[in-house]
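The values are calculated or read from the model by the stated rules, or taken from the named source; none is laboratory data. Not measured: the values here are computed from a predicted model. Don't worry about glycine lacking a Cβ; one is built from the backbone with ideal geometry, like all the others, and counts go over all protein chains shown.
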Amino acid sequence: MRYILVFINILLSFGAYGFNTSSYQNETLNNIIKRSNVIVDLHGDDKGIEIIRPTARVFLKENLAKMPYKCSSDGLLKIMKVAGFNANNFPPINYCIDIKSKSGVTAIFYVQDSLVEFINKEVKVGDNVKLWALWVYSNGFDRLPRFLVNGYEANLPPNQPLKVTP
């Protein structure tokens, strides 16, 4: 399967009955990092986690910097509960990928276990990917946003103009 879009239970908590890609705002990782820095700067020297409420649905076209690797989602799930999600019904989330922005900054994206097999088969480091994700929180310690991937499209040729999914 060349392209994949995964339907998940998270969207049901928003009252949706399917994966509505049109509800995701077209963004760049660079822009979100800038916005994240503004949020983190509001705390001054008081470093910590800033929960994005409501979570922001974003559509990104960026490069894969690191293949799926095991990571703990304990913090993510606790933050999702605080944000109002029923995290007990989430599919397993035990992996992360690193995505590199156009300016070279790398951010962590949590990935559902069900996506890992497809990512490993369809993508390699440096490939362009389309991501539909939730911007869940910003980490004041490393000043970077954190995301949960809801879906992706892979195997896009480098430097090829990408179409925005409706």
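Only one residue in S36, S73 is of a type in the set (S, T, N, Q) and over 29 Å from K121 (Cβ atoms), so which one is that?
Sole residue among the options that is of a type in the set (S, T, N, Q) and over 29 Å from K121 (Cβ atoms): S36.
Can you tell me which residue among I51, I32, I39 is β-branched (V, I, T), within 16 Å of the chain's Cα centre (by Cα) and not in a strand (DSSP E or B)?
Just one listed residue meets the conditions, I32.
Which of the residues that make up region 102-125 are closer than 21 Å to E27 by Cα, of a type outside the set (A, V, I, L, M, F, W, C) and surrounded by fewer than 19 Cβ atoms within 10 Å (Cβ to Cβ)?
Once the filter is applied, which keeps residues that are closer than 21 Å to E27 by Cα, of a type outside the set (A, V, I, L, M, F, W, C) and surrounded by fewer than 19 Cβ atoms within 10 Å (Cβ to Cβ), region 102-125 yields K102, S103, G104, T106.
Only residues in region 108-124 that are touching a residue at least 24 places away in the same chain (Cβ under 8 Å) count as the first member; pair them with residues that are assigned to a helix (DSSP H, G or I) and surrounded by fewer than 19 Cβ atoms within 10 Å (Cβ to Cβ), Cβ under 7 angstrom, at least 6 apart or cross-chain, and list the lot.
Close Cβ pairs satisfying both conditions: none exist.
Of the residues that make up region 59-77, is at least one acidic (D, E), out of contact with any Ser or Thr (no Cβ under 7 Å at 6 or more places or on another chain), loosely packed, with under 13 Cβ neighbours inside 10 Å and modelled with pLDDT of 85 or more?
Within region 59-77, one or more residues are acidic (D, E), out of contact with any Ser or Thr (no Cβ under 7 Å at 6 or more places or on another chain), loosely packed, with under 13 Cβ neighbours inside 10 Å and modelled with pLDDT of 85 or more.
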